[in-house]
Amino acid sequence: MEVIAIRFRKAEKLAYLENKLRIKVGEAVVVVVDHCEEIARAAQKLELDPTEIVLSNEVIERTASQLDLAHYAQNKVAAVKALQTAREQVMKLHLPMKLDLAYYTLNKHKLIFDFTAAGRVDFRELVRSLAAIFKTRIELRQVGVRDEAKILGGIGPCGRPLCCSEFLGEFAPVSIKMAKNQNLSLNPTKISGLCGRLMCCLSFEDKTYEAEKAAMPDYGSRIETADGGGKVVGMNLLTHVIRVRLDDHEVPVEYDLDEIKV
């Protein structure tokens with residue numbers, strides 16, 4: 001079975017559908033989601049057995065025409081204005097929430113807002129107010145701080161655009177252990193992203209650091225060198241250099257991994 005992976009917005013999670021219309025990679029398509037039409041783009045084509053993947057419930061209706069793409073562009077402009085109006089309504093109602101994104105479905109049957117908040121928010125009055133203003137169905141979806149960073153984008157500590165807003169379709173679990181494996185400072189300001197959570201990139205090379213760490217002696221272990229015995233006090237996992245405090249030396253000496261015996 002030929003499967004096509006589609007993505008509704010940049011760096012968003014992929015949805016897998018049966019490619020009945022023989023869509024090509026890179027093509028824009030009109031997809032039916034909850035009885036509303038949305039524009040998506042084909043990102044990947046796969047040949048899979050039906051038992052190997054769980055298909056999404058969305059249905060590809062057709063390849064997007066120039067008229068569809070024109071409507072999509074107009075909707076993006078209208079959504080920016082709608083977001084500003086909705087923010088004014090939030091302030092008017094004194095709601096403890098922050099609207100981050102607004103977008104229309106292709107047929108304008110629904111206007112969707114993504115927002116962040118510290119806790120649960122009773123936004124029923126806001127929905128009624130927005131429905132009266134925009135004359136369409138309103139949907140509000142609460143997202144987390146990592147999703148907010150994906151939506152808003154920005155520049156990370158590395159000087160490059162945020163990974164989540166550029167290419168990460170899904171957020172992988174990140175733990176403090178990953179920072180320890182890479183001998184990074186555990187200062188929260190050094191290992192946290194703009195969202196305030198541990199940086200996603202800590203997980204990118206974790207398997208490599210785990211493998212390299214397994215090949216190296218542990219901190220504090222006794223080893224033998226050509227200059228005598230000593231204790232491991234430091235190491236560089238990627239270059240396989242080990243810092244050793246020899247028994248008769250105060251200043252640690254560096255050795256390559258193949259120069260020592262555990």
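The values are calculated or read from the model by the stated rules, or taken from the named source; none is laboratory data. Bear in mind the structure is a predicted one, so any value in this text is a computation, not a measurement. Cβ coordinates were reconstructed from backbone atoms using ideal geometry, including for glycine residues, and neighbour counts include every protein chain displayed. Accessible surface areas use protein heavy atoms only, side chains included; no ligands, DNA or RNA. Shrake-Rupley method; radii C 1.70, N 1.55, O 1.52, S 1.80 Å.
Using a 1.4 Å probe on the protein chains only, how many percent of the accessible area of the chain belongs to carbon and sulfur?
It is 53 percent, rounded to a whole number.
Under a Cβ-only charge scheme (Lys and Arg +1, Asp and Glu -1), can you give me the dipole magnitude of segment 60-99 about the Cα centre, in debye to the nearest 20?
Here the size comes out at about 200 debye.
Which listed residue (Thr189, Leu162, Ala40) has the Cα farthest towards the positive end of the charge dipole for the chain, taking +1 on Lys and Arg C-beta and -1 on Asp and Glu C-beta about the Cα centre?
After comparing all options, I get Ala40.
Given H placed on each backbone N at 1.01 Å, which residues far from Thr105 in sequence or on other chains put an amide H within less than 5 Å of it?
Amide H to amide H, under 5 Å and 5 or more residues apart or across chains, Thr105 pairs with Lys110, Ile112.
What residue among Ala172, Ala40, Ala82 has the largest mean-square fluctuation in a Gaussian network model of the chain, using Cα springs under 10 Å?
Ala172
Would you mind checking which residues have amide H under 5 Å from Val121's amide H? H placed 1.01 Å from N; only 5 or more apart, or other chain.
Residues meeting the criterion, in which the H sits 1.01 Å from N, do not exist here.
Under a Cβ-only charge scheme (Lys and Arg +1, Asp and Glu -1), can you give me the dipole magnitude of the chain about the Cα centre, in debye to the nearest 20? Write down the numbers at each step before the final one.
On the way: 37 positive and 37 negative charges, 337 e Å.
Magnitude of the dipole: close to 1620 debye.
Set the bar at 18 Å for Cα to Cα. Now go through Lys13/Lys110; Lys81/Lys135; Lys13/Lys150; Lys108/Lys135; Lys10/Lys76; Lys24/Lys76 and name every pair that lies beyond it.
As for pairs spanning more than 18 Å Cα to Cα, those are Lys13/Lys110; Lys24/Lys76.
Looking at the chain as a GNM with Cα springs under 10 Å, which of Ala214, Ala43, Ala78 has the largest mean-square fluctuation?
Comparing Ala214, Ala43, Ala78 in the GNM, the peak value goes to Ala214.
Per residue, how much accessible surface does the chain expose to a 1.4 Å probe? Answer in Å², no decimals.
Heavy-atom SASA per residue in the chain reads 60 Å².
Among Ala15, Ile53, Val3, flag the residue with its Cα farthest along the positive direction of the charge dipole of segment 1-114, charges on Cβ as +1 for Lys/Arg and -1 for Asp/Glu.
Selected residue: Ala15.
Relative to the compact-globule scaling 2.2 N^0.38 Å, provide the ratio for the alpha-carbon radius of gyration of the chain.
The chain yields a ratio of 1.43.
How high is the relative contact order of the chain? Use alpha-carbon pairs under 8 Å, at least six apart in sequence, and give a whole percent.
On the way: 434 pairs, mean separation 29.4, N = 262.
Contact order relative to length: 11 percent.
May I ask you to give the average projected area over all directions of the convex hull of the Cα atoms of segment 14-96, in nm² rounded to one decimal?
7.8
Could you pull out every one of the lysines with an alpha carbon less than 30 Å from that of Lys213, ignoring same-chain neighbours closer than 8 positions?
Partners found: Lys177, Lys180, Lys190, Lys231, Lys261.
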